[in-house]
1. If a/c stays under 1.5 just call it rounded; otherwise compare a/b with b/c (prolate if a/b is bigger, oblate if not). Do that for segment A:121-279, with a ≥ b ≥ c from the square roots of the Cα gyration tensor eigenvalues.
2. For the protein assembly as shown, what does the helix formula give at 222 nm: sum of -39500 (n - 2.57) over DSSP H segments with n ≥ 4, over the residue count, nearest 500 deg cm²/dmol?
3. Measure up A:Lys149/B:Lys44; A:Lys223/B:Lys18; B:Lys44/B:Lys119; A:Lys242/B:Lys18 against 31 Å on the Cα-Cα distance and list the ones that go over.
4. Roughly how many nanometres apart are two label points built 7 Å out from the Cα toward the Cβ at B:Val250 and A:Leu311?
5. Scale the Cα Rg of chain A by the rule-of-thumb value 2.2 N^0.38 Å and send over the ratio, two decimals.
6. Return the Cα extents of the protein assembly as shown along principal axes one, two and three, sorted largest first, each rounded to a whole Å.
7. Quick one: among A:Ser99, A:Ser17, A:Ser33, which has the greatest mean-square fluctuation in a GNM of chain A with alpha-carbon springs under 10 angstrom?
8. Got the relative contact order for segment A:124-260 handy, in percent, Cα pairs under 8 Å and 6 or more residues apart?
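Each value in this text was obtained by applying a stated rule to the coordinates, not by laboratory testing. None of these values were measured; they are calculated from a predicted model. Methodologically, a virtual Cβ is constructed for each residue, glycine included, from the backbone with ideal geometry; neighbour enumeration extends over all protein chains shown.
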Amino acid sequence: MVRRVRIPFVLAFVALSLATTLLSLLIGTETLSLGQAWQEWRAGLSYADAPVLGILVQQRLPRTLAALIVGSGLALAGCAFQAMLRNPLAEPYTLGVASAGACGAWTATVLIAGFGLPRAILGISPIQAFAFLFAELDILIVYLLAARKERISPSVLLLGGVTMGMLANGGILFMRYLADPERVVMMDRWLMGGVDVLGYAPIKTLVIGVIPCMLILLAQAAKYDQLGFGAEIAAGRGINVKMLQVTTFFVGSLLTAIVVSVVGTIGFVGLVVPHAVRSVTGSRHRLLMPMSVLVGGGFLCFCDIIARKILPGETPIGIVTTLFGGPFFLYLLMNRRFTDWET
Amino acid sequence: MTRILKAESAAYAYEPGKDVFADVSLSIQAGEIVGLVGPNGSGKSTLLRVLCGLLRPRAGRVTLDGKTLSSYSGSERARVLAFLPQAVNPAFALSVFEVVCLGRYPHIGAFGALRPRDKEIAERCIRDTEVESLRSRDFLTLSGGERQRVLLASILAQEPNILLLDEPTSSLDIHHQIEIFSLLERLAHEGYGIVVVTHDLNLAAQFCGRLLLLADNHRMLAAGAPDTVLTEDLLSRAYASQIRVSENPVTGAPLIWAEPPRGTNGTKRT
């Protein structure tokens, strides 16, 4: 049976995503009242004098925006990688980007401690800069391994990415060994991922870096349908397959590198969301990709609510996405949602 | 308007100095089926890819209506030439109707949506290949013969003038092979020009108006009507073994079979 577009489910996904996004603004250590925020805004109070509006604009809004952009970006990159690699288990971290980014962050930490590297250069934290640079280096090496004249070899891309990821994990262990224990705790925490951003500077980075990448990936939707059906038949229909692969690879990896450098490694979003969405929208990327954007954002807002309200303290969101995403993915497997991949 | 696809002294090499084929000239016009035959590794599939513009010839040129093929954009090319590769392994579940609609891509592009007209054309292609009953089936659940018909429908939806098919019957039983070739014959009759790579010399003899025989020395060994190409001498040289040709008692077409290598006994033991 072909999965038809299940419209009631699609609408339910839309509603749920919007609802969790809104809720993530209101629920937290203190539950905020929208009505009171409105009254404070009408009264023209400054943020310092307006308890509710102040928290809403200065703390909750940037956090919700970060969750939205990161969640939607990772979900979209997951869709694109699954189409490009024609592989159900592909996700934004498959090619080692997250591990390489983490390795970069660790390297920076050790350098700060050992060689007096300043904590910020031109306003950029070396931890984020190194995370980004290492992730980009990983992308470049994996690409050079897999690039062929006519197209990129998906299997070499996967093998290269997994190998680079293991290499980066080795590097992380080495850096952990070198670092002093106090920093190990701090860095471990960073790597667990968190959208508890302070102020709007990280949001600016995310908007400038991630949104254009997302627009470029969304513009390839019709081509992913063709590539998913068959690379050669797509080429026969006039699609430049190598160009599509290169675009997807670099833009998707750039998006992931930016996300990792800003919020750490938040796992499973890029794998679970596209699969969950595909089960209600079918495989046409025109619908699958925009829906993944919406659901990815909503899912991360949901996980953030769990992280700060239900679980003790401020649980890192990466733990929540994995604890929720893992079992959900197992559920999808049990329902044999993968029969269509067995070819 | 009839479109003419032409290869002039074309050669192709994946690596410098190692031609897969060289000095191949060929032209395809509306209404004819041209068969590309020859042993494994003789470059038939590569030639087909050069003919449809997926690979650029190393030497010589391929032209469409007198203009070099590479001067056309991908979509322009795909609206005239439709290519069906040997293996299509979809990564996603799609219905037969969706698969056929994918063929409209060269007309609607990356940002357009399917218009009612595109759906009508898809429906027409589904009727032309007689797969109406499969319309809402999952493509991945179809049998080999059904798949080939649906794939044909999906490339017909490109509204091409010339079809380039890489071994469309290689995985089919004898009944479905004949069915596909009969369908191709009808399409040729309707005005399509068809190039088909095949290993089945008997089917080629029966259905192709012209044949091009490629050989292991990467040259074109012969080209022309089936009875001038499918001779014992030429085939034995191309396949480097004893090939026998007799006459099909019913159709009169050449009937080809291979003698077993020396020292073995090809007759059935009882």
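1. Values: a/c = 2.20, a/b = 1.65, b/c = 1.34.
Since a/c reaches 1.5 and a/b is larger than b/c, the shape of segment A:121-279 is classed as prolate.
2. Details: 25 runs with 328 residues, N = 613.
The helix-only estimate for the protein assembly as shown comes to -17000 deg cm²/dmol at 222 nm.
3. On the way: A:Lys149/B:Lys44 20 Å; A:Lys223/B:Lys18 34 Å; B:Lys44/B:Lys119 34 Å; A:Lys242/B:Lys18 24 Å.
Over 31 Å Cα-Cα: A:Lys223/B:Lys18; B:Lys44/B:Lys119.
4. 7.1
5. On the way: Rg = 20.7 Å, N = 343, 2.2 N^0.38 = 20.2 Å.
Dividing the Cα radius of gyration by 2.2 N^0.38 Å gives 1.02.
6. Reported extents, whole Å, longest axis first: 99, 58, 54.
7. Greatest mean-square fluctuation among the candidates belongs to A:Ser33.
8. Values: 63 pairs, mean separation 48.2, N = 137.
Reported as a whole number, the value is 35 percent.
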